[in-house]
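Undergrad: Sharing a structure below in structure tokens format, with a few things to ask.
The values are calculated or read from the model by the stated rules, or taken from the named source; none is laboratory data. As the structure is a prediction and not an experimental result, all values here were calculated from the model. Reconstructed Cβ throughout: ideal geometry from the backbone, glycine too, with neighbour counts over all protein chains shown. Note: areas computed on protein heavy atoms with side chains; ligands, DNA, RNA excluded. Shrake-Rupley method; radii C 1.70, N 1.55, O 1.52, S 1.80 Å.
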Amino acid sequence: MAPPNYEFQEWWNRERERTHGVVVKMEKPNWSMVEIQSPRDQDFEKGKGRNAKQLRWVCFLRAQQAAGFISWLFNGSYNLISAAKRRIQSRRPDKTAQNSKLYRVIKGFLVFAVAMLVFEIGAYYKGWHFNPPSAKAEVLGFLEWIYSSWVFIREDYIAPPLQFLTNVCIVLFLVQSVDRIVLVLGCFWIRFRKLKPAPLMEVRELEEGVDGDYPMVLIQIPMCNEREVYQQSIAAVCAQDWPRDHMLIQVLDDSDDVDVQCLINTEVSKWQQKGVRILYRHRLIRTGYKAGNLKSAMNCEYVKDYEYVAIFDADFQPGPDFLKKTIPHFKGKEDLALVQTRWSFVNKDENLLTRLQNINLSFHFEVEQQVNGMFLNFFGFNGTAGVWRIKALEDSGGWLERTTVEDMDIAVRAHLDGWKFIFLNDVKCLCELPESYEAYKKQQYRWHSGPMQLFRLCFFDILRSKVSILAKANLIFLFFLLRKLVLPFYSFMLFCIILPLTMFVPEAQLPTWVVCYVPGVMSILNILPSPRSFPFIVPYLLFENTMSVTKFNAMISGLFKFTSSYEWVVTKKLGRSSEADLVAFMEKESSVPQESTSLLHRASSESGLDELNRLEKKKKTGKSRSNRLYRKELALAFILLAAAARSLLSAQGIHFYFLLFQGVTFLVVGLDLIGEQVS
């Protein structure tokens with residue numbers, strides 16, 4: 001008899017430790033492992049015996065693994081439900097929705113959807129879906145008469161205009177899809193031909209010349225109550241590899257918090273003692289938000305001595321060679337007004353919300369900005385991480401306070417004056433994405449209401465300008481109407497209003513390819529610039545439809561001059577990008593001098609104990625944060641879930657699954673379960 005084989009016992013112990021499941025103790029195993037090929041392959045070779053005891057233990061192990069997965073799923077669901085319960089019990093709704101006209105419309109639609117669902121379920125059990133009662137019948141019960149009247153009204157009065165609106169939205173959807181495909185093809189062409197803006201002066205030529213070859217550059221850092229990020233942004237700008245006597249830094253502080261003002265002023269003084277030419281400016285009258293802040297700084301007498309101005313928001317940290325990679329592009333191009341660089345995100349993998357934002361912004365920079373810059377020499381200024389020729393700013397009227405998108409405003413006016421723009425896709429500037437849904441929603445509201453304000457104000461200026469007909473058509477039909485107005489309009493109307501309505505009015509049809517196939521293809525195109533994000537393609541598609549309610553509301557507010565469209569809320573930052581992150585990024589992205597990285601390390605270590613103590617004290621005594629309930633999103637969630645239930649009565653498979661998943665997505669967002677979770 002062969003000696004007993006203990007390999008199975010050893011393998012079992014390893015599996016038990018890995019799964020952390022039920023502990024099973026086996027004593028005196030006496031079976032042979034010759035009968036099993038491998039732990040993961042349970043097929044037995046022909047002609048060999050089977051050991052029932054061994055099979056029993058292997059099956060028990062698989063059952064244990066299944067039980068572990070079910071336990072994990074149950075715990076996750078329990079935690080999710082508990083978080084949702086806490087949101088509801090906290091009763092901290094989004095107060096802006098209470099007085100919103102759109103919210104009243106959505107609430108009325110919800111009442112209609114729930115009433116119709118109850119009515120249709122009753123009709124289904126009566127059999128009226130298969131043999132509806134006729135209004136011409138001589139004898140009808142009260143409920144039969146109501147249902148027959150409803151069928152008559154929806155067929156003759158509701159379905160025709162609803163179908164017309166559906167067809168209009170489908171056409172807009174297809175036109176916008178064609179525009180997106182053209183942009184992607186343009187991006188492929190740029191990559192295939194390896195096209196990129198080339199400066200007439202190389203960086204090497206600039207470094208080999210004398211200091212007189214370096215132009216005078218003004219750097220502005222506008223900020224407002226940026227407690228978490230002011231140190232790293234100031235440190236990154238002060239570490240620029242540029243002659244100090246040819247560079248001046250303005251820290252434009254609009255903070256209304258006295259403690260933050262003192263912290264920033266102290267940080268500026270610290271860099272002044274190191275020999276950096278840096279100034280601290282604080283306005284007593286904070287009008288015009290960021291535009292007013294920049295306008296005030298440009299009115300300083302010494303600005304006339306500078307040729308270019310670089311602008312960085314408070315959470316942006318450019319590499320030390322940023323100016324050397326951007327300024328040479330102005331050499332020999334007197335009609336060039338702006339050099340815009342790409343954003344890179346330090347916290348793109350922080351949570352699901354930041355991952356989805358990274359998909360959107362990667363497409364924006366890689367495709368939209370790069371293609372428009374390469375073929376049209378025009379795109380919207382992103383408000384930061386760019387360098388302007390000061391003469392172009394002055395000739396275009398300077399910073400104006402008439403909208404909440406002052407960056408797009410100055411870009412459009414400069415374009416109408418004949419100035420050209422360049423986008424550098426290979427020059428990246430480190431920054432931070434909003435991690436909470438509250439901050440992201442406020443940012444998107446401002447970004448989508450501002451363009452409509454600007455379109456109202458500059459429409460006739462575009463018509464009267466001296467640019468070509470093609471440039472005017474691009475501005476009006478593509479830049480403003482198609483990408484800023486049509487996109488949020490059809491997204492909201494098609495997937496949040498028309499689709500659920502067609503479930504209750506089945507005479508109006510929304511084709512399956514509009515619901516599923518075309519959005520899927522467009523999502524794949526959007527995700528191409530960030531291929532690592534492909535696992536999130538379905539959440540991305542659903543979340544974009546969810547955000548359409550915010551974008552649509554913002555677009556309507558800006559177009560019709562509602563008061564809320566003029567509100568400016570600073571996007572909340574958490575200061576995720578530490579000095580160590582910044583140094584690692586710069587060492588990876590560019591050839592950074594050793595002196596610059598050591599300078600940043602010293603800045604990190606010399607922040608000052610007193611300042612840190614004050615910061616920690618302020619954080620403890622400051623206003624506490626918590627997650628919110630978003631009423632518009634919750635109302636739309638119940639509308640879509642009611643429509644999904646109604647679609648089951650008509651056996652519409654794809655429509656049901658889309659409505660179900662979209663409704664759940666609205667529910668998750670409405671309960672603020674996406675993004676940062678504040679305990």
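Undergrad: Specify which of the listed residues (673, 634, 667) is modelled with pLDDT under 95 and in a loop (DSSP other than H, G, I, E, B).
TA: Details: 634 fails: in a loop (DSSP other than H, G, I, E, B); 667 fails: in a loop (DSSP other than H, G, I, E, B).
Step by step, each of 673, 634, 667 is checked, and only 673 is modelled with pLDDT under 95 and in a loop (DSSP other than H, G, I, E, B).
Undergrad: Contact list please: Cβ distance under 6 Å, first residue in region 230-256 and under 22 Å from residue 304 (Cα atoms), second residue among the hydrophobic types (A, V, I, L, M, F, W, C) and in a helix (DSSP H, G or I), pairs at least six apart or on different chains.
TA: Going by the 6 Å Cβ cut-off, the qualifying pairs are 238/271; 240/323; 242/323; 249/237; 250/297; 251/268; 252/297; 253/264.
Undergrad: Please indicate, with yes or no, whether at least one residue in region 218-230 is modelled with pLDDT of 95 or more, within 29 Å of the chain's Cα centre (by Cα) and among the hydroxyl-bearing types (Ser, Thr, Tyr).
TA: No, every residue in region 218-230 fails to be modelled with pLDDT of 95 or more, within 29 Å of the chain's Cα centre (by Cα) and among the hydroxyl-bearing types (Ser, Thr, Tyr).
Undergrad: Pick out the one residue from 372, 382, 358 that is closer than 30 Å to residue 465 by Cα, under 22 Å from the mean Cα position of the chain (by Cα) and surrounded by 21 or more Cβ atoms within 10 Å (Cβ to Cβ). Can you show your working first?
TA: On the way: 372 fails: surrounded by 21 or more Cβ atoms within 10 Å (Cβ to Cβ); 358 fails: closer than 30 Å to residue 465 by Cα.
Just one listed residue meets the conditions, 382.
Undergrad: Then there's this: Taking helices (runs of 4 or more DSSP H) that fall entirely within region 339-406, which contain at least 1 residues that are modelled with pLDDT of 95 or more and of a type in the set (D, E, K, R)?
TA: On the way: elements: 352-363, 370-375, 390-395.
Answer list for region 339-406: 352-363, 390-395.
Per-residue answers, yes or no, for (1) open to solvent by 60 Å² or more (accessible area, probe 1.4 Å); (2) assigned to a helix (DSSP H, G or I); (3) modelled with pLDDT of 95 or more:
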residue	(1), (2), (3)
114	yes, yes, no
129	no, no, no
135	yes, no, no
146	no, yes, no
149	no, yes, no
153	yes, yes, no
183	no, yes, yes
188	yes, yes, yes
199	no, no, no
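Undergrad: Considering each of 515, 521 in turn, give the residue that is more than 30 Å from residue 460 (Cα to Cα) and over 20 Å from the mean Cα position of the chain (by Cα). Show your work before the answer.
TA: Working: 521 fails: over 20 Å from the mean Cα position of the chain (by Cα).
Every option except 515 fails the conditions.
Undergrad: Of all residues in region 429-442, how many are touching an Asp or Glu at 6+ places or on another chain (Cβ under 6 Å) and part of a strand (DSSP E or B)?
TA: Step one: list which residues in region 429-442 are touching an Asp or Glu at 6+ places or on another chain (Cβ under 6 Å), which gives 431-432, 435-437.
Subset that is part of a strand (DSSP E or B): 431, 436.
The qualifying residues number 2.
Undergrad: Go through the residues of region 292-300 one by one and say whether even a single one is under 31 Å from the mean Cα position of the chain (by Cα) and open to solvent by 70 Å² or more (accessible area, probe 1.4 Å).
TA: Yes, the conditions are met somewhere in region 292-300.
Undergrad: Another question, if that's okay. Would you point out the residue of region 325-355, among those that are open to solvent by 50 Å² or more (accessible area, probe 1.4 Å) and within 11 Å of the chain's Cα centre (by Cα), that is farthest from residue 532 (Cα to Cα)?
TA: Looking at the filtered set, the residue picked out is 352.
Undergrad: Going by the structure shown, is residue 293 farther than 20 Å from residue 242 by Cβ and free of Cβ contacts under 8 Å to residues at least 12 places away in the same chain?
TA: Details: farther than 20 Å from residue 242 by Cβ: yes; free of Cβ contacts under 8 Å to residues at least 12 places away in the same chain: no.
Considered against the rule, which asks whether it is farther than 20 Å from residue 242 by Cβ and free of Cβ contacts under 8 Å to residues at least 12 places away in the same chain, residue 293 comes out as no.
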